[in-house]
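Before any comments, here is the structure.
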Amino acid sequence: MSEIKRKGKAAKDASYALNMATTEEKNEALKLIADQLLEETDHLLTENKKDITEGRNNGIEAAVLDRILLTEDRIEAMAEGVRLLIDLKDPIGETLEEINKENGLHIIKKRVPIGVIAMIYEARPNVTIDAASLALKTGNAMVLRGSSSAKYSNLALWHVIQRALEKSALPVDSVQLIEDTSRETAKELFTLNEYLDVLIPRGGAKLIQTVIRESTVPVIETGAGNCHLFIDESADMQMAIDVVVNAKTHRPSVCNAIETVLIDNQWLQKNGEKLISTLRSHKVQLLGDDRIHQFDSSIPQVEQDDWSSEFLDLTLRMKAVDNLEEALQHIQQYSTKHSEGIITQNDANAEKFLNSVDAAAVYVNASTRFTDGFEFGYGAEIGISTQKLHARGPMGLEALTSSKFVIRGTGQIR
């Protein structure tokens, strides 16, 4: 039996025991994981250093290395994210609907675990902990398949989880890691319908589209973020500059960072010089359309078909538009339906933007960097769904549940 099938079966078997786990047992397991993370910080940093060294030797770009990198602060943040889940309400068993029929049947619809969730992800070793802890809190088993670029880190983190689960009432097999990171194992995972209930890809657009195209296991689409900010004619200059700088530079390698800023041409003429100089002071590399290039000839022009790529670094496209309608048309054409924002003092334009833009998160006068499970109060997140069915936006605990009807009778027949 292959590693994929063996670990998929183990997770499926564990999921039946997890179904019966109490909130107290799940919370105790999470506490143990958080404690184990901090206890093994030095070992985790040592293993992570192997990934970083190997990545540099293989020419992996800086933005990807930043996503792989673990630091003491990042490990502490991972542990804190796990602890936050302990304090959140356990959704399992919640009554969603209750019906009392005239014939005496009592029907309730309640939240239940999905079962076995598989996650295939690139870089980001923190996903190993985030995904596992969210799954355990909701009574789901988890099969993790990370990328070769973070193999040492992911393996070390999985061992942390295993050692913690050994001390808990939950099955050790509740969380599985596929150690073989070859393409063949990924493809086998795509069709493991016998053991998997859902597959969640988290990474670049190429990975996500491959999973959507090839998987027979149901998929929740997450992640790719070609995000935009539109600066309306009425936008406050300092607010617009502050939000753009934060949305681009706070952590450029993540999916909720902006890749394009659309600027009303009249605002550009009055305030563009200050915006450009401020972005350059933050080491942002600018690209522009024809009108941006005419405004500042030192800004290279965007290649014709380069409005859809996700840079994930300190590169930012700029485009001048005549009005809100033109901005909306551009976003409609190029958005990945992740996070989109407008900076404006015009309430009518704000409402039109909110109602017109088709995205998981839409913002008025705030940075797109807030599209995050932690910021939304969910604790850790398993991903940011950009689709419309089942879940959309940051996926916290409720997004990892399904429902079932429970009917109690006294011998009724139809």
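Quick note: the coordinates plus some simple rules give every number you see, no bench work behind them. Since the model is a prediction, treat every value here as computed from it, not as a measurement. Here the Cβ positions follow ideal geometry from the backbone for every residue, glycine too, while neighbour counts run over all protein chains shown.
Applying the Karplus relation 6.51 cos²θ - 1.76 cosθ + 1.60 with θ = phi - 60° to the range 207-219 yields 3J(HN,Hα) values of 4, 4, 5, 4, 5, 4, 6, 9, 7, 9, 6, x, 10 Hz, where x marks Gly and Pro.
Computed from Cα atoms, the angle from the helix 324-334 axis to the main principal axis of the chain rounds to 50 degrees. Around the amide H of V219, modelled in the peptide plane, lie the amide H atoms of L199, all under 5 Å away and 5 or more residues distant in sequence or on another chain. Taking label positions 7 Å along the Cα-Cβ direction at both T46 and A348, the computed distance is 6.7 nm, reported to one decimal. Please determine, in degrees from 0 to 90 and to the nearest 10, the orientation of helix 237-249 with respect to the longest principal axis defined by the Cα atoms of the chain, where the helix direction is its Cα long axis. Result, in degrees: 50.
Highest mobility in the GNM of the chain, judged by mean-square fluctuation with C-alpha springs under 10 Å and restricted to Q294, Q36, Q209, is found for Q294.
Averaging Cα coordinates gives a centre for the range 1-48 and one for the range 300-361; these two points are 40 Å apart. Equivalent ellipsoid of the range 227-370: semi-axes from √(5λ) of the C-alpha gyration tensor, largest first, are 19, 17, 15 Å.
Residues C227, C255, ranked from the fewest to the most other C-beta atoms within 10 Å, line up as C255, C227. Couplings 3J(HN,Hα) for the range 108-124, derived from phi with the Karplus relation 6.51 cos²θ - 1.76 cosθ + 1.60 (θ = phi - 60°), are 10, 10, 10, 6, 9, x, 5, x, 10, 10, 10, 10, 10, 9, 10, 6, 5 Hz, where x marks Gly and Pro.
So what is the relative contact order of the range 227-370, in percent, for Cα pairs below 8 Å that sit 6 or more residues apart?
35
If packing is taken as the average count of other Cβ atoms within 10 Å, what order do 246-252, 182-188, 101-107 fall into, highest mean first?
Going from most to least packed, we get 246-252, 182-188, 101-107.
Taking the DSSP bridge list for the chain and keeping only pairs wholly inside it, about 30 percent are antiparallel. Enter the Cα centre distance for the pair the range 173-249 and the range 79-149, rounded to the nearest angstrom. Cα centroid to Cα centroid, the span is 18 Å.
Computed over neighbours whose Cβ is under 14 Å from that of A131, the net charge equals +1, Lys and Arg +1, Asp and Glu -1.
Dividing the convex hull volume of the alpha-carbon atoms in the range 1-153 by its residue count gives 139 Å³ per residue. The amide H of V143, built 1.01 Å from its N in the peptide plane, has I117, A118, M119, Q176 as neighbours under 5 Å, considering only residues 5 or more places off or on other chains. Partner lysines whose Cα lies under 16 Å from the Cα of K283, excluding those fewer than 8 positions away in the same chain, are identified as K248, K274. Placing one equal scatterer on every Cα of the range 102-160 and applying the Debye formula, the log10 ratio I(q)/I(0) at q = 0.12, 0.15 Å⁻¹ is -0.38, -0.50. The equivalent ellipsoid of the range 63-198 has semi-axes of 33, 19, 13 Å, largest first, where each one is the square root of 5 times an eigenvalue of the Cα gyration tensor. For the chain, the relative contact order comes to 19 percent (Cα pairs under 8 Å, sequence separation of at least 6).
The long axis of helix 126-137 is offset from the longest Cα principal axis of the chain by roughly 40 degrees.
Distances between placed amide hydrogens fall under 5 Å for L96 paired with K109, K110, R111, all partners being 5 or more residues away or on another chain. A Förster distance of 35 Å, applied to the separation of the beta-carbon atoms of N100 and E325, puts the FRET efficiency at 0.10. Across all Cα atoms of the chain, the radius of gyration (one decimal) and Dmax (whole number) stand at 23.4, 82 Å.
So what is the diffusion coefficient of the range 298-414 in µm² per second by Stokes-Einstein at 10 °C and 1.306 mPa s, using a Kirkwood Rh over Cα pairs?
In µm²/s, the coefficient rounds to 91.
Note on the range 310-357: Rg/Rh from Cα positions, Kirkwood definition for Rh, rounded to two decimals, is 0.97. How far apart, in nm, are two points set 7 Å out from the Cα along the Cα-to-Cβ line at S402 and at N265? The answer from the label model is 5.4 nm.
With θ taken as phi - 60° and the Karplus curve 6.51 cos²θ - 1.76 cosθ + 1.60 applied, the whole-hertz 3J(HN,Hα) list for the range 158-169 is 4, 5, 4, 4, 4, 5, 5, 5, 4, 8, 9, 8 Hz, x standing for glycine and proline.
Counting only residues at least eight positions apart within a chain, or on another chain, the lysines with an alpha carbon under 21 Å from that of K89 are K26, K31, K109, K110, K137, K404.
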